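Below is one structure, written out as structure tokens; the observations come after it.
The values are calculated or read from the model by the stated rules, or taken from the named source; none is laboratory data. Keep in mind that what you see is a predicted model, and the values were worked out from it rather than measured. For neighbour counting, all protein chains shown are included, and Cβ atoms are generated from backbone atoms with ideal geometry for every residue, glycine included. To get the accessible areas, we keep the full protein, side chains included, count just its heavy atoms, and leave off ligands, DNA and RNA. Shrake-Rupley method; radii C 1.70, N 1.55, O 1.52, S 1.80 Å.
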Amino acid sequence: MENLLNVIESLPIWAKILIPFFLSVVCNLIFVIIKYGTKNVTIIDDIKTGIKLVFTGLVLYIAFIIIVGIAQLVLNMWNIHIWSFVTNHIWTLFSVFIVCMYIYVAFFPKKHKSTNFSYRPSSPNKKPKNSETKSNVKPVVVPIIKSRTNEKLDSIAPSNMTDVENKLRNGIDVKLDFDKTYSKISEALRIIKHSGAKITFCNIKNPKQGGTFGNMKRIASQAPGLIIYDIVIEAGFEAKELAASGACFTCDCSNRSSIIPDIAKAAKENKGYVMFVKFNKLDSSVLNKIRELGGYNIEFQ
């Protein structure tokens with residue numbers, strides 16, 4: 001192992017820089033394949049991410065070296081020496097630092113992005129296991145929340161919201177009939193901002209109507225990232241406005257609207273989450289732009 005480390009440190013400077021760059025590209029490639037699938041792999045996008053990661057990591061690594069140097073002054077009191085090891089393997093440690101930094105950002109996105117819930121596609125011919133749907137509601141690809149307990153989500157239209165509010169206080173996600181409960185939701189919205197529980201609204205009739213759409217935006221804006229709408233919205237200005245309210249919903253990209261990148265950007269900036277479907281007709285460059293603008297707040301299904 002020591003011989004290998006010495007070989008790395010003896011490489012020319014350009015090779016030493018390429019090693020962490022190559023590792024960052026590989027890490028990003030593996031992460032994209034796991035999260036988005038092979039169909040969304042783009043080498044150019046991975047290279048750009050690798051460049052950003054190396055330059056950002058270099059700044060942090062310099063700060064790390066300075067901290068180690070200061071720590072060595074203190075450790076000299078106990079005759080502990082780490083400075084020589086760091087300086088003798090400075091580029092090897094930089095490569096390890098880059099990989100660790102990428103793993104941290106990738107697997108702990110809550111520290112950096114609003115990713116406090118996950119999407120899962122529902123089969124057109126199969127009901128989701130953790131929700132109850134009415135027979136007159138057509139199944140669509142919608143976000144399904146992972147409940148914090150084994151209890152099923154409540155697909156209900158209660159006469160009063162007391163039971164629902166108690167469950168939300170306990171961090172239990174619920175599913176409600178939008179048309180029958182949206183006017184009673186004020187207290188529930190205040191609760192979920194503290195408990196982190198999520199509300200999924202189903203049975204939304206005529207979502208593009210002015211009154212309905214306005215209520216959807218108003219509700220989502222009071223608890224960004226915690227309100228999920230069980231509907232598919234066509235890509236356009238309405239979808240952009242809904243994303244800007246912090247709502248979580250599914251967006252149909254079959255019309256190849258030029259607004260789609262703006263929808264992704266709005267979701268990221270306002271802590272919402274958008275699942276894009278029927279995006280096959282979009283150019284790879286557009287997909288790359290959408291992914292860059294939306295980050296962890298979007299998903300392609």
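Test E187 against the stated conditions and say whether it is surrounded by fewer than 20 Cβ atoms within 10 Å (Cβ to Cβ) and modelled with pLDDT of 85 or more. First the steps, then the outcome.
Details: surrounded by fewer than 20 Cβ atoms within 10 Å (Cβ to Cβ): yes; modelled with pLDDT of 85 or more: yes.
When the stated conditions are applied, E187 passes them.
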What do you reckon, is I259 of a type in the set (A, V, I, L, M), at pLDDT 90 or above and touching a strand residue (DSSP E or B) at 6+ places or on another chain (Cβ under 7 Å)?
no
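Is one or more of the residues making up segment 190-202 among the charged types (D, E, K, R), over 14 Å from S245 (Cα atoms) and crowded, with 19+ Cβ neighbours inside 10 Å?
First, the residues of segment 190-202 that are among the charged types (D, E, K, R): 190, 193, 198.
Now restrict to residues that are over 14 Å from S245 (Cα atoms): 190, 193, 198.
Still in the running and crowded, with 19+ Cβ neighbours inside 10 Å: 198.
Within segment 190-202, one or more residues are among the charged types (D, E, K, R), over 14 Å from S245 (Cα atoms) and crowded, with 19+ Cβ neighbours inside 10 Å.
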So, of the residues in segment 74-88 that are in a helix (DSSP H, G or I) and aliphatic (A, V, I, L, M), which turns out to be surrounded by the fewest Cβ atoms within 10 Å (Cβ to Cβ)?
M77
Residues in segment 225-248 that are assigned to a loop (DSSP other than H, G, I, E, B) and more than 15 Å from K268 (Cα to Cα) total 2
Subset of segment 26-73 (residues that are among the polar types (S, T, N, Q), surrounded by 15 or more Cβ atoms within 10 Å (Cβ to Cβ), modelled with pLDDT under 75 and part of a helix (DSSP H, G or I)):
N28, N40, T49
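Which residues, counting only those in segment 288-301, are of a type outside the set (S, T, N, Q), in a helix (DSSP H, G or I) and within 10 Å of A264 (Cβ to Cβ)?
Our first condition is that a residue be of a type outside the set (S, T, N, Q); within segment 288-301, this holds for 289-296, 298-300.
Cutting the leftovers down to in a helix (DSSP H, G or I) gives us 289-296.
Scanning segment 288-301 gives K289, I290, R291, E292, L293, G294, G295.
Report whether or not A264 is among the aliphatic types (A, V, I, L, M), outside any loop (DSSP other than H, G, I, E, B) and touching a Leu at 6+ places or on another chain (Cβ under 6 Å).
yes
A quick yes/no check of all residues on (1) part of a helix (DSSP H, G or I); (2) among the aliphatic types (A, V, I, L, M); (3) open to solvent by 30 Å² or more (accessible area, probe 1.4 Å):
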| position | (1), (2), (3) |
| --- | --- |
| Y182 | yes, no, yes |
| T250 | no, no, no |
| R256 | no, no, yes |
| N280 | no, no, yes |
Out of all the residues in segment 279-299, which are of a type in the set (G, A, S) and in contact with a strand residue (DSSP E or B) (Cβ under 8 Å, 6 or more places away or on another chain)?
G294
